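Before any comments, here is the structure.
Read-outs throughout are calculated quantities, based only on the coordinates presented, and are distinct from any laboratory measurement. In this text, all values refer to a predicted model and were calculated from it rather than measured experimentally. As a convention, Cβ positions derive from the backbone with ideal geometry for all residues, glycine included, and neighbour counts pool all protein chains shown.
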Ligand SMILES: [Zn+2]
């Protein structure tokens with residue numbers, strides 16, 4: 001209201017003051033102004049109170065959400081294994097989180113046990129390395145490890161399994177774990193078939209190792225009968241290759257175009273994985289060499305031999321011999 005009066009012209013102002021030529025009128029006018037000021041202030045105060053109430057309501061909602069998030073974090077932190085110290089290879093090296101989803105009759109705790117059993121297989125053969133946590137989801141788009149990381153940098157691994165199909169879960173998870181160890185990346189890579197082959201090999205390796213462990217030391221004592229299911233799952237995938245007559249080198253040379261066309265020709269991946277498996281079973285510390293695979297310039301991916309040589313060059317001295325053996329399977333001599 002005051003603002004309105006000030007916006008009026010000078011003539012209006014003079015007219016207003018000339019009309020207040022008696023004390024009574026002046027008293028009435030001042031009273032009116034006082035009432036208007038108080039009313040205006042009340043209106044402003046009322047407006048402020050409403051705004052404050054609205055903001056408090058918004059803040060309370062945000063506060064509640066933050067408390068819920070905090071509770072989740074506290075739960076997760078409480079569930080986290082102890083930090084792994086340098087030089088200490090323990091089964092706690094991978095931090096696994098199972099996201100609730102359509103797991104059927106599989107409980108989250110049991111699912112985690114199976115996945116931990118997989119990491120137990122590899123961890124003794126991997127050098128100390130800080131891995132981001134794994135968020136394991138159940139999704140029909142799986143099995144897959146997303147290039148995109150989670151909000152907190154975690155790897156997002158999707159498996160497509162349910163109802164206590166532990167062998168299938170272990171098979172899928174071991175494959176995806178292997179991609180992480182390989183430092184998988186979103187780059188043009190015609191040699192992706194090689195990484196996929198290594199990861200199929202990792203699945204077979206894990207199942208066969210777990211089958212042995214679970215005979216005597218399963219995650220729960222009543223899971224011993226699952227040991228044979230794990231062994232059978234791997235055997236089913238290996239027996240089809242018993243009649244294989246071609247060497248890995250022959251398979252590679254005969255199918256090079258097909259392999260470079262798509263990384264996931266599973267029939268070829270599996271045939272080659274069966275050829276590599278004996279190498280890893282004889283020297284399981286060779287799994288550590290995979291971390292040097294995808295660290296070169298992407299243009300080295302264009303040719304398999306160049307890719308192998310880059311891997312060999314980067315590998316730790318203790319791993320070079322193993323890399324040479326793998327390359328030798330495909331007919332490449334990296335020592336020259
Ligand atoms: Zn894969």
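General remarks:
- Inter-probe distance in nm under a simple model that places probes 7 Å from Cα toward Cβ, at residue 46 and residue 59: 2.4
- Alpha-carbon centroid distance for the pair segment 151-173 / segment 101-126, whole angstrom: 8
- If a spin label sat at a point 7 angstrom from the Cα of residue 282 along the line to its beta carbon, the backbone N atoms of segment 317-336 nearer than 14 Å would be those of 321-330.
- Cα gyration tensor category, rounded, prolate or oblate, for segment 150-229 with a/c compared to 1.5: prolate
- Contact order, relative form, for segment 91-199: 26 percent (alpha carbon pairs under 8 Å, 6 or more residues apart, mean separation divided by residue count).
- Label positions at residue 148 and residue 241, each projected 7 Å from the Cα along the C-beta direction, are separated by 3.4 nm.
- Cα gyration tensor shape for segment 166-329, rounded if a/c is under 1.5, else prolate or oblate: prolate
- Estimated from the Cβ-Cβ distance and a Förster radius of 56 angstrom, the FRET efficiency linking residue 107 and residue 317 is about 0.80.
- Fewest-first sequence of 49, 323 by Cβ atoms within 10 Å of each Cβ: 49, 323
- Taking packing as the residue-averaged number of other Cβ atoms within 10 angstrom, the listed peptides 247-258, 195-206 run from highest to lowest as 195-206, 247-258.
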